[in-house]
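Reading through the structure tokens given below for one structure.
The values are calculated or read from the model by the stated rules, or taken from the named source; none is laboratory data. Since the structure is predicted, the reported quantities are computational estimates derived from the model, not experimental observations. Here the Cβ is made from the backbone with ideal geometry for all residues, glycine too, and neighbour counts use every protein chain on show.
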Amino acid sequence: MPNTKELARHEEVQKRFTGAHALCAGCGIPVCVRTILNVIEEPVVAINATGCLEVATTRYPTTAWNIPWIHVAFENAAAVASGVETAYRVLRRRGRIPKEIRFVAFGGDGGTYDIGLQALSGALERGHRFLYVCYDNEAYMNTGNQRSGATPFAAQTSTAPVGEKSFGKPQRRKDLTEIVAAHHVPYVAQASISDWYDLAVKARKAVSVDGPAFLNVLSTCPRGWGHPTDQSIKIARLGVETCYWPLYEVSEGRWCLNYIPEEKLPITEWLRPQRRFAHLFESGHEALLAQIQRQVDEDWEKLVRRCEDLPPSPFPGGAMEEVWR
Amino acid sequence: MEIAVNRYEQGNFFLAIEPRRCKGCGVCVQSCPQGVLALNGEGKVEAKEIARCVFCGICEQRCPDFAISVYKERIIQPSLV
Ligand SMILES: Cc1ncc(C[n+]2csc(CCOP(=O)(O)OP(=O)(O)O)c2C)c(N)n1
Ligand code: SF4
Ligand code: SF4
Ligand code: SF4
Ligand SMILES: [Mg+2]
């Protein structure tokens, strides 16, 4: 794994994702995309589903992408990646393409958990060699914060309002990382924009496997989540420290926890700074808070039991994360 | 047009911040292992404790808006041109 200075040099030689985007201050998307693209050594082709990333990086006549970039529709990033990768494979076999190329598809949670799930499942099952990155901001943000399959239980969204008879989204979120792992692909991992080194290492592993790889990256959205724009990294970090968003990977079928908090924080630490959960702190909603804590505890225990490998101690992110913890 | 760049130095190492690009998201502030950076009253980032900087480049790597450059010797980074 290259160190940060080598990575900085790599980006100077080839800056793949640039500042020419209009993503909001505090948006987790550019942090995620920049990190992932820069750790890949080989030339990269990006495939992008509709969503904030696509819309805010391609304002005509400008683009933030300095690499081949393909956008077709909302639901088919994985299908497009399949087609491009297949064409590449054939041309490469015929000697028409002299070098290795990597394919990375980016989709939001709406484009991945919901509308693009069928395309993704097909591509995983067919075994195309590509990396699919879901930046999970837990709702359809580009169209104004509608609830998705990734929106957590009890979060307020524009289509899951809070009122006398409603408390936000009444259903639990689905666990996409597990769904993808059930496809028996060589590499699946969950990461967060807060843990830079972990994300970089995972992206590196993901493009090195000969087959489909998937990263589910927790990505803040200050507009939709309702938190100060200058607190994104801390908020994402709280998702990890409360075990709401565990960092783990499934490599060749082997489950491995990449990080265990020294002291698991109560889930309220993650919920409180976000306006979408503000109603949970009004009186009368204590049972909901308890229910959320119970769900997190159960999921975490299940995951710990499932993981054969525990993280090396200390976590390789080490000093970097120490400062504000 | 002259583009404002705030330069900080420590021997041969430099850290340059281009306030025009900075959106004040705090990503660099919260990622710096040394607690060097802070947002000022205008919501722009400053290297408040440059003496503690180890020039690791993490802030440069993470900024979503390419507002920070960390480099050795007095050269202009491509991102600042
Ligand atoms: C088939 C189709 N339906 C609806 C839309 C409108 N649309 C554009 S972006 C978007 C939301 C995308 O949500 P998500 O995938 O979570 O990405 P985010 O905006 O959160 O980055 C929707 C519904 C569309 N472009 N195409
Ligand atoms: S609305 Fe949310 S996801 Fe979209 S650019 Fe803004 S912060 Fe990012
Ligand atoms: S180079 Fe490293 S130590 Fe210096 S300000 Fe940036 S992140 Fe902090
Ligand atoms: S990460 Fe970039 S945009 Fe955000 S506060 Fe730091 S310099 Fe400014
Ligand atoms: Mg989304």
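Would you point out which residue out of A:Ala87, A:Ala49 is in contact with a strand residue (DSSP E or B) (Cβ under 6 Å, 6 or more places away or on another chain), farther than 28 Å from B:Glu18 by Cβ and of a type in the set (A, V, I, L, M)?
On the way: A:Ala87 fails: in contact with a strand residue (DSSP E or B) (Cβ under 6 Å, 6 or more places away or on another chain).
A:Ala49 is the lone residue from the list that is in contact with a strand residue (DSSP E or B) (Cβ under 6 Å, 6 or more places away or on another chain), farther than 28 Å from B:Glu18 by Cβ and of a type in the set (A, V, I, L, M).
Between residues in segment B:54-73 that are of a type in the set (Val, Ile, Thr) and residues that are assigned to a strand (DSSP E or B), which pairs lie under 6 Å by C-beta distance while being six or more apart or on different chains?
B:Ile68/B:Ile17; B:Val70/B:Leu15
Output the residue which, of all residues in segment A:207-217 that are more than 14 Å from A:Val33 (Cβ to Cβ) and buried (at least 24 other Cβ atoms within 10 Å of the Cβ), is farthest from ligand 2 (Cβ to nearest atom).
A:Pro212
Modelled with pLDDT of 95 or more, more than 16 Å from ligand 2 (Cβ to nearest atom) and either of a type outside the set (Gly, Ala, Ser) or over 23 Å from A:Gly107 (Cβ atoms) (or both): is that true of A:Cys221 in this structure? Don't jump to the end; show me each part of the working.
Details: modelled with pLDDT of 95 or more: yes; more than 16 Å from ligand 2 (Cβ to nearest atom): no; either of a type outside the set (Gly, Ala, Ser) or over 23 Å from A:Gly107 (Cβ atoms) (or both): yes.
Here the answer is no, as A:Cys221 does not meet what is asked.
If a residue must be touching an Asp or Glu at 6+ places or on another chain (Cβ under 6 Å) and within 14 Å of another protein chain (Cβ to nearest Cβ), how many such residues does segment A:220-251 contain?
Qualifying residue count, segment A:220-251: 1.
Within segment A:129-161, track down each residue that is surrounded by 20 or more Cβ atoms within 10 Å (Cβ to Cβ) and farther than 30 Å from A:Arg102 by Cα.
A:Asn145, A:Arg147, A:Thr151, A:Pro152, A:Ala154, A:Ala155, A:Gln156, A:Thr157, A:Ala160
Does segment A:86-101 contain any residue that is over 22 Å from A:Ile29 (Cα atoms) and hydroxyl-bearing (Ser, Thr, Tyr)?
At the first step, the residues of segment A:86-101 found to be over 22 Å from A:Ile29 (Cα atoms) are A:86-101.
After this cut, where a residue has to be hydroxyl-bearing (Ser, Thr, Tyr) as well, the list is A:86, A:88.
Looking through segment A:86-101, at least one residue is over 22 Å from A:Ile29 (Cα atoms) and hydroxyl-bearing (Ser, Thr, Tyr).
Which members of segment A:128-161 meet the condition of being away from ligand 1 (no atom under 12 Å from the Cβ) and part of a loop (DSSP other than H, G, I, E, B)?
A:His128, A:Arg129, A:Phe130, A:Pro152, A:Phe153, A:Ala154, A:Ala155, A:Gln156, A:Pro161
Among A:Leu91, A:Leu124, A:Leu53, which is within 16 Å of ligand 2 (Cβ to nearest atom) and either over 23 Å from A:Ser219 (Cα atoms) or not hydroxyl-bearing (Ser, Thr, Tyr) (or both)? Walk me through it before giving the result.
Numbers: A:Leu91 fails: within 16 Å of ligand 2 (Cβ to nearest atom); A:Leu124 fails: within 16 Å of ligand 2 (Cβ to nearest atom).
It is A:Leu53.
Within segment B:11-28, take every residue that is in contact (Cβ under 8 Å) with a residue 24 or more places away in the chain, at the interface with chain A (Cβ under 10 Å from one of its Cβ atoms) and part of a loop (DSSP other than H, G, I, E, B) and give me the one that is nearest to A:Lys234 (Cα to Cα).
B:Cys25
Only residues that are more than 19 Å from A:Asn216 (Cβ to Cβ) and within 16 Å of ligand 1 (Cβ to nearest atom): list them for segment A:24-50, please. I'd like the intermediate steps shown before the answer.
So in segment A:24-50, the residues more than 19 Å from A:Asn216 (Cβ to Cβ) come out as A:24-26, A:38, A:41-45.
A:Cys24, A:Ala25, A:Gly26 - these are the residues of segment A:24-50 that are more than 19 Å from A:Asn216 (Cβ to Cβ) and within 16 Å of ligand 1 (Cβ to nearest atom).
Take the residues in segment B:54-81 that are out of contact with any helix residue (DSSP H, G or I) (no Cβ under 7 Å at 6 or more places or on another chain) and modelled with pLDDT of 95 or more; name whichever of them is surrounded by the most Cβ atoms within 10 Å (Cβ to Cβ). Reasoning before the result, please.
Kept after step one, since they are out of contact with any helix residue (DSSP H, G or I) (no Cβ under 7 Å at 6 or more places or on another chain), are these residues of segment B:54-81: B:54-55, B:65, B:67, B:71-77, B:79-81.
In the following step, the residues that additionally are modelled with pLDDT of 95 or more were identified as B:65, B:67.
Numbers: B:Asp65: 21, B:Ala67: 25.
Here the residue is B:Ala67.
Just give me the residues in segment A:114-127 being in contact with a Gly (Cβ under 8 Å, 6 or more places away or on another chain), surrounded by fewer than 24 Cβ atoms within 10 Å (Cβ to Cβ) and assigned to a loop (DSSP other than H, G, I, E, B), in sequence order.
Matches in segment A:114-127: A:Gly127 only.
Which residues, counting only those in segment B:45-62, are within 13 Å of ligand 4 (Cβ to nearest atom) and either away from chain A (no Cβ under 11 Å) or polar (S, T, N, Q) (or both)?
Listed by number, the residues that qualify are B:Glu46, B:Ala47, B:Lys48, B:Gln61.
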